[in-house]
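Okay, so here's the structure we're looking at.
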Amino acid sequence: MERKPKFDWHPSPRRPRSPSSVTSSSSAFSSRLPSFSSDAGDSFVSLEDCFEEDKPDPSRASSKPGASSAHSTLANCSTNSTLTVPSYKEGSPCDLHLTPRSKGEILSSPNLKAFTFNELKSVTRNFRPDSFIGEGGFGYVYKGWIDEQTFTASNPGSGMVVAVKKLKPEGFQGHKEWLTEVNYLGQLHHPNLVKLIGFCSDGDNRLLVYVYMPKGSLENYLFRRGPQPLSWAVRLKVAIGAAKGLSFLHDAESQVIYRDVKASNILLDSEFNAKLSDFGLAKAGPTGDKTHVSTQVMGTRGYAAPEYIATGRLSAKADVYSFGVVLLELLSGRRAFDKTKSDAEQNLVDWAKPCLSDKRKLFRFMDSKLEGQYPKKGAHAVATIALQCSGKYAELRPRMSEVLAALEQLQDVKAAERLAHAEHGKALMIPVTKSPGARQSPSPLRPAPGGSPLPSSRRSPRVR
């Protein structure tokens, strides 16, 4: 008998009801999803399967019924970690090789500080309600200050501002996502990834300490009232920053699939530079001749790729799909999935395809908060890229490095327009052209005179 998927959506982030509840580069070109099994014959591997349980310590046995041990090691880990984190240089190829590591190796990373719980209580002033800045599926987030040299607590307003994420006590799955995040962000360093400063694994407490992002998340600027609407230039800058982060992960010698691309996970610094955050669902990509890894389906409704939902087969192209959804959100100012809309408009990708089938109807799709202040050809080019990224078939989607190159080309065009405006007193609309010899890719859009800004997907390299 076929097993139906069980949907377990997380509620949207919200502030607790009372303060007391808070304290507990080649070519030019969550709410959580259900965890389910399939009869297709694939081998599904969940986060639990990535770890093997240590024998429980009787002295630390939980009194709660059904509680699981919080000690774990990476399965089949026969080699010791010899990782040396290279310094990242803009435009340089990523030769970072991530070796499997045990829990002990992860938590003894020389790149991270191990905080005690009491230290973080001091940093956040005992997790006071006025230090609270947000809440997500992982737990509560607080603002604090530390000394830049010693990483000890400092007075508010002095030293380095940090964000302290505190794991909710319930749920063993959270510990494993916490350990996954420490593992990856303890090794991965890039201008477009959030910087993890340290962690706390004191008793049953699980916390993470990051460099604070003063502008918050992209989600806040696109969908919530209050913040000033993002201009077209800033939206393009954010898209390019996120694309750089994903390209870094995908092109690493040991490929990393982010698996949680969404507006709420793209954080913004004071200059609106995008940083990918929340690596709890990140997973090592396929190796050798393999085109995918098989795993438990996890992600966020509206963002997850259709082939991944249907089969559990995960590749970097699933991240490309999710990024395409984020591009559509940047264009339209609408959520990936919105229950307040009519049935035909709830899923952004499904609604966007017919809306963007005619270039002349683009203005109907664009975010009204832009008030028409965007280059029409540039917006159409981004829409084309978005629809190619969010296409139904993974093999026809471009690689993130190709998407990044196309977006950077659009940014260069905008810079040329500003220069022409300064010199001649008027802006020039420079069309984005295909690379020489590139064939038109199968696109839901009617081809523009200059063609798609991405190369033919038929020429795209095989899924890694």
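Key figures for this structure:
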{"item": "Hits in the stretch 363-379 (condition: assigned to a loop (DSSP other than H, G, I, E, B) and either surrounded by 18 or more Cβ atoms within 10 Å (Cβ to Cβ) or touching a Leu at 6+ places or on another chain (Cβ under 6 Å) (or both))", "result": "366, 367, 374, 375"}
{"item": "Hey, residue 174 in a helix (DSSP H, G or I) and either surrounded by fewer than 19 Cβ atoms within 10 Å (Cβ to Cβ) or not hydrophobic (A, V, I, L, M, F, W, C) (or both) or not", "result": "yes"}
{"item": "Residues of the stretch 208-226 that turn out to be crowded, with 23+ Cβ neighbours inside 10 Å and among the hydrophobic types (A, V, I, L, M, F, W, C), as a count", "result": "4"}
{"item": "Complete set of residues in the stretch 334-350 that are under 23 Å from the mean Cα position of the chain (by Cα) and either farther than 16 Å from residue 392 by Cα or part of a helix (DSSP H, G or I) (or both)", "result": "334, 335, 337, 338, 339, 346, 348, 349, 350"}
{"item": "Matching entry among 329, 395 (being surrounded by 16 or more Cβ atoms within 10 Å (Cβ to Cβ), part of a helix (DSSP H, G or I) and among the charged types (D, E, K, R))", "result": "329"}
{"item": "Qualifying residue in the stretch 267-274 (condition: crowded, with 24+ Cβ neighbours inside 10 Å and on the phi < 0 side of the Ramachandran plot)", "result": "yes"}
{"item": "Criterion violated by residue 319 - all others in (1) at pLDDT below 95; (2) under 15 Å from the mean Cα position of the chain (by Cα); (3) of a type in the set (Asp, Glu) satisfied", "result": "(1)"}
{"item": "Verdict on residue 304 being in a loop (DSSP other than H, G, I, E, B), assigned by TED's automatic domain parsing to the domain that holds residue 404 and either of a type outside the set (Val, Ile, Thr) or in contact with an Asp or Glu (Cβ under 6 Å, 6 or more places away or on another chain) (or both)", "result": "yes"}
{"item": "Yes/no for residue 308 being over 15 Å from the mean Cα position of the chain (by Cα), crowded, with 21+ Cβ neighbours inside 10 Å and of a type outside the set (A, V, I, L, M, F, W, C)", "result": "yes"}
{"item": "Among the residues listed as 288, 226, 280, 203, the single one being in the same structural domain as residue 112 (by TED's automatic domain parsing) and either part of a loop (DSSP other than H, G, I, E, B) or more than 27 Å from residue 160 (Cβ to Cβ) (or both)", "result": "203"}
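The values are calculated or read from the model by the stated rules, or taken from the named source; none is laboratory data. The structure presented is a predicted model; accordingly, all values stated were derived computationally and were not measured. Here Cβ is always computed from backbone atoms with ideal geometry, including for glycine, and neighbour counts include all displayed protein chains.
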